[in-house]
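Peer 1: The structure follows.
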Amino acid sequence: MKITEENFILQLKNRNEKALEYVIDHYGGLIQAIVKKHLYNLKSHQEECINDILLGIWNNIYSFNENKSTFKNWIGAISKYKTIDFRRKYLRDLKNQNIDYVEISIEDSTLKEMTQEELNKDLDELLNCLKDEDKKLFLKLYVKEQEVDEISKETGLKRDVIYNRISRGKKKLKKMFHIIESRG
């Protein structure tokens, strides 16, 4: 039997594994996005969490009620709560770990560098919609936390010009967020 949008829930209830494959193919991206969002710093646990989510879907399909919610929202809720459980479990395990036996494999400076590189990359992607001049202003004002007067002296721009550029930049960023949110 071919699994389709119309019959995959019934087939999941009938324990057809092909229906679970359909869920993975059509909703796997959503599950992955939620897991990565909530377990971004626990990459080694992400795959295990995704497997637990799929098992949760498989075991709890009878609790899905299409009159209360869409399947996508139901999966989203399962994914979110499973990731929260994983974080709690990780923190509980971390708390119970004896510090004498813990080996630190990455030095703090290396970890900081990796985190900083990741943040710089994300920040660069975020500010890509701005002109280079405006991007530099945002970095000076919000990342380097320079005062407007200091930026004015450094760039030769008047305070009003800086405020106008920052204001226009914020509007562009808000517009970009609305576009991204409407796609998701």
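The values are calculated or read from the model by the stated rules, or taken from the named source; none is laboratory data. Bear in mind that the values here come from a model prediction, so they are computed numbers and not experimental data. Accessible surface is based on the protein model in full, side chains and every heavy atom, while ligands, DNA and RNA are left aside. Shrake-Rupley method; radii C 1.70, N 1.55, O 1.52, S 1.80 Å.
Peer 1: Sort out which residues of the range 35-54 are within 14 Å of ALA77 (Cα to Cα) and open to solvent by 80 Å² or more (accessible area, probe 1.4 Å), and write them in order of number. Lay out the reasoning, then the answer.
Peer 2: Looking only at the range 35-54, we keep the residues that are within 14 Å of ALA77 (Cα to Cα), and these are 35, 37-38, 49-50, 52-54.
Of everything in the range 35-54, just one residue is within 14 Å of ALA77 (Cα to Cα) and open to solvent by 80 Å² or more (accessible area, probe 1.4 Å), namely LYS37.
Peer 1: Name every residue in the range 140-159 that is open to solvent by 60 Å² or more (accessible area, probe 1.4 Å) and within 33 Å of the chain's Cα centre (by Cα), in order of residue number.
Peer 2: Residues satisfying the conditions are TYR142, VAL143, LYS144, GLU145, GLU147.
Peer 1: Within the range 1-41, work out how many residues are charged (D, E, K, R), under 27 Å from the mean Cα position of the chain (by Cα) and within 21 Å of SER63 (Cα to Cα). Working first, answer last.
Peer 2: The initial filter retains those residues of the range 1-41 that are charged (D, E, K, R), namely 2, 5-6, 13, 15, 17-18, 21, 25, 36-37.
After this cut, where a residue has to be under 27 Å from the mean Cα position of the chain (by Cα) as well, the list is 5, 21, 25, 36-37.
Now narrow it down to the ones that are within 21 Å of SER63 (Cα to Cα): 5, 21.
The qualifying residues number 2.
Peer 1: Is it the case that the range 85-93 has a residue that's more than 16 Å from the chain's Cα centre (by Cα) and within 28 Å of LYS13 (Cα to Cα)?
Peer 2: Looking only at the range 85-93, we keep the residues that are more than 16 Å from the chain's Cα centre (by Cα), and these are 85, 88-93.
From what is left, the residues that are within 28 Å of LYS13 (Cα to Cα) are 85.
There is at least one residue in the range 85-93 that is more than 16 Å from the chain's Cα centre (by Cα) and within 28 Å of LYS13 (Cα to Cα).
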